[in-house]
1. Please work out the average accessible area per residue across the chain, using the 1.4 Å probe convention, and give it in Å².
2. What does the C-alpha gyration tensor say about the overall shape of the chain? Classify as rounded when a/c is under 1.5, otherwise prolate if a/b is larger than b/c, or oblate.
3. Can you tell me the orientation of helix 9-30 relative to the chain, as the angle in degrees between its alpha-carbon axis and the longest Cα principal axis, to the nearest 10?
4. Just want the answer: with Cβ charges of +1 for Lys and Arg and -1 for Asp and Glu, which residue in Val53, Ser96, Ser147 is farthest toward the dipole's positive end in the chain?
5. Ranked highest first by average number of other Cβ atoms within 10 Å, how do 122-133, 92-103 line up?
6. Could you work out what % of the accessible surface of the chain is carbon and sulfur, using a 1.4 angstrom probe and leaving DNA, RNA and ligands out of the count?
7. Only four residue types carry charge here, +1 at the Cβ of Lys and Arg and -1 at the Cβ of Asp and Glu. Report the dipole size of the chain about the Cα centre in Debye, rounded to the nearest 20.
Amino acid sequence: MTTVICWNPIREMATMQGALDRLFDESWHNTRAPAETGALALDVHESDSAYVVNAAVPGVSADAVNISLHDGVLTISGELPQPTHETSRALLLERSYGKFQRSIRLPLPVAQDNVEATIENGVLTLTLPKTAEAQPRTIPVKTAQPSLN
């Protein structure tokens, strides 16, 4: 005896849509912002003469930031202490507190003696000039002098 099953394309499309929704929901929930993982989010730009690194460090003083450069690896670390409110209780805490650290390898050598770091309006800006050997050079092309033979 043969059983006949009526095909319903709407049900098939709804099942596929549910599978895709679950796939995207799981993908987005597994990605976490750098601030949520304790890492420091950076913007790094390169010119012919230097690297410029920007990092948002709201509420962090210049004394609380440590910057090191060793063997081409730039490391920025620090800590933002959580304020204490002894006379009240927290209802919602969404800002990040605690220690942070981020290390990146720079592709070309940096003149370590000329590195500058500033904090202004909660943004840390590092200017890391490249060494003279790492900067691009323009080589002039000369015209060969015709020989009089």
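The values are calculated or read from the model by the stated rules, or taken from the named source; none is laboratory data. Note that the coordinates shown come from a computational prediction; the quantities given were computed from them, not determined experimentally. When we count neighbours, we look across all protein chains shown, and the Cβ atoms used for this are built from the backbone with ideal geometry, even at glycine. Accessible surface areas use protein heavy atoms only, side chains included; no ligands, DNA or RNA. Shrake-Rupley method; radii C 1.70, N 1.55, O 1.52, S 1.80 Å.
1. Details: 12380 Å² over 149 residues.
Computed with neighbouring chains in place, this is 83 Å² per residue.
2. Details: a/c = 4.53, a/b = 1.38, b/c = 3.28.
Oblate.
3. Orientation of helix 9-30: about 40 degrees from the principal axis.
4. It is Ser147, whose Cα lies furthest towards the positive end.
5. Details: 122-133: 15.8, 92-103: 11.7.
Sorting 122-133, 92-103 by mean packing, highest first, produces 122-133, 92-103.
6. 54 percent
7. Taking the Cα centre of the chain as origin, the dipole is about 320 debye.
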